[in-house]
1. Using only the Cα atoms of region 148-265, build the gyration tensor, take square roots of its eigenvalues as a ≥ b ≥ c, and label the shape rounded, prolate or oblate: rounded if a/c is under 1.5, else prolate if a/b is larger than b/c, else oblate.
2. Once Lys and Arg get +1 and Asp and Glu get -1 on their Cβ, which of Asn235, His199, Met220 lies farthest toward the positive end of the dipole of region 179-265?
3. Quick check: pseudo-label points 7 Å beyond the Cα along Cα→Cβ at Asp72 and Ser3, how many nm apart are they?
4. With both partners inside region 122-265, how many of the DSSP beta bridges are antiparallel, as a percent to the nearest 5?
5. Placing +1 at every Lys and Arg Cβ and -1 at every Asp and Glu Cβ, with all other atoms neutral, what dipole size does region 119-265 have around its Cα centre, in debye to the nearest 20?
6. What is the extension gain from Phe256 to Asp226, computed as 0.36 nm multiplied by their sequence separation minus the C-alpha to C-alpha distance, in nm to one decimal?
7. Taking every pair of alpha-carbon atoms in region 74-144, give the share separated by more than 20 Å as a whole percent.
8. Applying a 10 Å radius around every beta-carbon, put 57-63, 159-165, 110-116 in order of their mean neighbour count, most first.
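Here, each number is a calculation from the coordinates, and none is a lab measurement. Keep in mind it's a predicted model, so treat the numbers as computed, not measured. Methodologically, a virtual Cβ is constructed for each residue, glycine included, from the backbone with ideal geometry; neighbour enumeration extends over all protein chains shown.
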Amino acid sequence: MLSIEEIKLLIEKLEKVKKEDLQKLIDSNLKILKDLELAVDANNSMIINRLDKTPEWFHRDIIQKKKVPTVDPVTQKQVQSKIFQFSRTNMFNSLEIGPGNGMFSKDFRAWRLNYFLDILRNREKVIRPLFHQIHNKYLKFVTTQHTDCANVPDNSCNFVFSWDTFVFFTQKHVKQYLQDIKRVLIPGGYVFIQYADCHYDQELALAKRGYWNYNTKTAMTQIIKDEGYKVIEMNQFRPGASYAIFQKPGKQNPVFYGMSEIKLD
């Protein structure tokens, strides 16, 4: 039986391969699939709403990941290498969304202030001890209810980062987050986030079992553009580690990021 994720992915693929000689066949199949998609969405609205994870769910997930990390050492180093490409000035601040157990949190020490935003209220006691006491005055912790970055000042950050967090958000949730991130960024500020690209079997499988939420490179690109950002890079370190880098329009940021190709093993 087709899952809703597979139905949506098939629709996207059919829309991409339209040719005149196949137009009639494709259009008829698209209509059937889209009608089915609407029916599944309607009949499972309660389930779909439940997929927007709760604080309790994130708390259990973090405990599990402390026991069994899901980011391998090679991917961790690749992510860190990317972060360092944005750390060429201490004029502005950084914002990490969903720091979890603090795997990447120390990598923002080059920025003036480091904001950490999470839905969980206990992240400060986990992350603050990772830093030297002298650096503690540069750490700011913010708790969000959903996608609210209200306690992070307007135009204060030139870099926003998130890994292993946006993969759990619905597309609506992602869109709402990008709206408020835009307020926090200076003109020309960058965003570097992991997302779920269900064009790949491994990421689709995680969405089908309800762990991740369904997204694709095509959909994520459109969301980014719809929110007024410039897409800089859509790539992956490996299947299961897809990422997007995009930029708020403007020229206030002294840092310039040049896209680099990632070699996949």
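1. In terms of gyration-tensor shape, oblate.
2. Met220
3. 2.2 nm
4. Here the share of antiparallel DSSP bridges comes out near 70 percent.
5. Using only the charged Cβ atoms, the result is roughly 400 debye.
6. 8.5 nm
7. Details: 647 of 2485 pairs.
That tail contains 26 percent of the Cα-Cα pairs.
8. Answer by packing, highest mean first, reads 159-165, 110-116, 57-63.
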